[in-house]
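The structure appears right after this line, and notes come after that.
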Amino acid sequence: MAVKIFDTTLRDGEQTPGVSLTPDEKLRIAIKLDELGVNVIEAGSAITSEGEREGIKKIVNEGLNAEICSFTRAVKVDIDAALECGVDSIHLVVPTSDLHLEHKLNKTREQVKQFAVDCTEYAVDHGLLVELSAEDSTRSDVKYLTDVFKEGIDAGAQRICACDTVGMLTPETATKFYGPLSNLGVPLSVHCHNDFGLAVANTLSGLRAGATQAHVTVNGIGERAGNASLEEVVVSLYSLYDEKTDVNIKLLYETSKMVARMTGVYLQPNKAIVGENAFAHESGIHADGVIKKAETYEPITPELVGHKRRFVMGKHIGTHTLKKRLQETGLRVDDEKLGQIFQRVKTLGDKGKCVTDVDLQAIAEDVLGILPEKAVELDELTIVSGNKVTPTASVKLSIDHNEIVEAGIGLGPVDAAIVAIKKGIKDVADIKLEEYHVDAITGGTDALIDVIVKLRMGDRVVSARSTQPDIIMASVEAFLSGINRILVEDDFKKS
Ligand code: MN
């Protein structure tokens with residue numbers, strides 16, 4: 001039987017510090033999760049606010065395949081709010097550790113067990129499916145925890161869930177803990193937090209021990225260090241345990257990107273499965289191996305999860321990768337020239353720099369003696385910025401020797417300048433600024449500023465850099481050199 005995926009991106013995930021989604025954003029994520037194929041979508045906690053209820057209702061009304069669930073406490077008003085939203089099920093949570101009972105609720109074990117039973121009966125009577133869940137279950141008296149579950153099941157709970165609320169399990173204790181709970185006659189969920197980086201490992205252990213459903217979030221977002229990550233759990237099951245889920249893993253990367261964009265919680269580059277470096281290679285030995293046969297340094301193909309392989313240029317680069325990259329940009333070089341370019345790239349790498357596409361182009365053009373054509377040149381730039389002034393920029397550009405004058409406003413002077421340039425070039429190129437990194441190389445306000453940008457036009461992505469004392473000029477020049485790089489490649493491909 002396939003492991004069931006209970007996605008709580010929109011509830012536990014939204015409890016990530018600093019994350020708050022509008023009802024429409026929640027709906028868009030829910031539609032994506034449904035397309036991905038998760039079995040249950042915990043859409044939120046209906047009692048929270050009017051906006052939260054609006055979001056849950058929108059998701060319910062979308063008629064998705066997934067079961068739509070609301071989090072509730074063991075109080076009737078919470079269940080009434082969930083009923084008002086029309087959800088299929090509730091994730092009914094009661095704390096079971098003495099720590100929580102005494103210090104948070106100030107109630108006895110008997111009282112809390114009775115709340116669980118009463119609320120389960122009330123919800124079931126009103127047509128809801130109840131997943132009865134124990135908060136801080138892994139620090140609870142197991143006998144008491146089991147009693148709560150047993151009485152809840154007698155009262156009509158159709159699933160149970162044991163939460164490792166502060167991430168205290170290990171893969172070994174997870175096996176011992178979840179094993180017996182999986183024999184109570186209803187499906188058991190594993191809900192693990194990542195305080196020690198073990199959420200995924202513990203989830204897998206719980207599933208091996210007999211649990212049949214995993215609570216996860218996209219990108220592992222959630223309170224503190226987050227929850228078990230959906231993509232890591234699902235792909236581990238698929239690739240390492242040969243166990244099926246209903247998730248279409250080809251959609252994992254795009255789902256991850258969407259959730260990162262909408263929550264504003266961006267991923268560490270080395271995040272497993274969906275991180276930007278998950279299938280990136282720099283070292284010559286690795287890149288060469290991957291070019292010859294991907295399995296040498298990739299456990300799964302990036303295509304499996306909808307991701308892309310990437311080769312990064314730096315001091316660890318090998319000649320094979322460099323040659324491939326040069327060919328991709330349309331430059332054919334003989335072995336002698338390749339050797340010279342290779343040395344120059346290594347020298348730049350030794351200075352602690354990663355080599356952008358534009359750096360490589362400049363090096364190659366220099367070695368090959370090509371005079372670079374610039375499609376867009378900056379003739380003038382004026383910036384107005386300060387207190388009680390809307391940051392405004394005007395530019396005079398020459399585009400293929402035609403003069404264009406444009407102006408733009410922005411959140412700050414850099415933004416205003418980029419807006420003005422984008423307006424100026426809109427007839428020749430539809431460029432998207434995908435990434436913008438600023439580094440002050442030396443200390444102090446007179447520091448050299450290093451700006452690296454990543455630009456996209458259609459499916460072409462180009463990185464470019466500029467290093468200058470003036471942050472606005474560094475940004476503008478990096479942006480312009482990226483634009484020129486894209487337009488030169490464009491010309492080359494057309495001709
Ligand atoms: Mn949680």
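What follows is calculated from the coordinates using simple rules that are stated; it is not laboratory data. Worth saying up front: this structure is predicted, and the values here are computed from it rather than measured. Neighbour counts run over all protein chains shown; Cβ positions are idealised from the backbone, glycine included.
Points worth noting:
- Put a dot 7 Å past the Cα of ALA225, heading toward its Cβ, do the same for GLU403, and the two dots end up 6.2 nm apart.
- Hydrodynamic radius of the chain per Kirkwood, over alpha carbon pairs, in Å: 25.7
- For the pair the stretch 23-37 and the stretch 83-117, the centres of their Cα atoms are 28 angstrom apart.
- 25 Å Cα-Cα reach of LYS32 towards lysines, excluding residues that sit fewer than 8 places from it in its own chain: LYS4, LYS57, LYS58, LYS244, LYS250, LYS257, LYS271, LYS308, LYS432
- Coupling constants for the stretch 61-72 follow from the phi torsions by the Karplus curve (6.51 cos²θ - 1.76 cosθ + 1.60, θ = phi - 60°), and in residue order they are 6, 6, x, 6, 6, 5, 6, 9, 10, 10, 5, 9 Hz; glycine and proline get x.
- Angle between the chain longest axis and helix 199-208 axis [Cα atoms, degrees, rounded to 10]: 50
- Dipole-positive endmost among LEU230, ALA287, ILE47 within the chain (Cβ charges, Cα centre): ALA287
- Sparse-neighbourhood loop sites, trypsin sites (Lys or Arg not before Pro) in the stretch 220-254 - DSSP loop, at most 11 other Cβ within 10 angstrom: none
- Between ASP446 and VAL124, the modelled labels are 7.7 nm apart [label points 7 Å from Cα along Cα→Cβ].
- Taking only the Cα atoms of the stretch 376-494, the radius of gyration and Dmax are 14.3, 47 Å.
- Integer Hz, Karplus 6.51/-1.76/1.60 couplings in order for the stretch 183-188, x for Gly and Pro: 9, 8, x, 10, x, 10
- In the distance distribution for the stretch 1-158, Cα-Cα pairs more than 25 Å apart total 31 percent.
- Table column - 3J(HN,Hα) (Hz), the stretch 422-439, Karplus curve with 6.51, -1.76, 1.60, x for Gly and Pro: 4, 5, x, 9, 4, 7, 9, 7, 9, 9, 10, 7, 8, 9, 9, 10, 10, 9
- Within the shell defined by Cβ-Cβ distances under 12 Å, the residues around LYS32 carry a net charge of -2, with Lys and Arg each +1 and Asp and Glu each -1.
- Between 0 and 90°, nearest 10: helix 335-350 axis offset from the chain longest Cα axis: 60
- Each Lys or Arg adds one and each Asp or Glu subtracts one; over the other residues with Cβ under 11 Å from the Cβ of CYS69, this totals -3.
- Net lengthening on full extension, LYS76/GLU102 (0.36 nm per residue, minus Cα-Cα): 7.2 nm
- Estimated at 0.36 nm per residue, the fully extended path between LYS244 and GLN327 surpasses their Cα-Cα distance by 25.8 nm.
- Summarising the label geometry, the points placed 7 Å from Cα in the beta-carbon direction at ARG460 and ALA2 lie 4.1 nm from one another.
- The calculated 222 nm mean residue ellipticity attributable to helices in the chain amounts to -12500 deg cm²/dmol, summing -39500 (n - 2.57) over DSSP H runs of n ≥ 4 and dividing by all residues.
- Two-site FRET efficiency, VAL428 against GLU84, from Cβ-Cβ distance with R₀ of 51 Å, rounded to 0.05: 0.45
- Degrees separating the helix 357-368 axis from the principal Cα axis of the chain, which is the longest one: 30
- Proximal charge balance of ASN277 [Cβ under 10 Å; K/R count +1, D/E count -1]: 0
- For the chain, the longest piece that avoids every one of the GluC sites (Glu not before Pro) found in DSSP loops with at most 14 other C-beta atoms within 10 Å covers 63-372.
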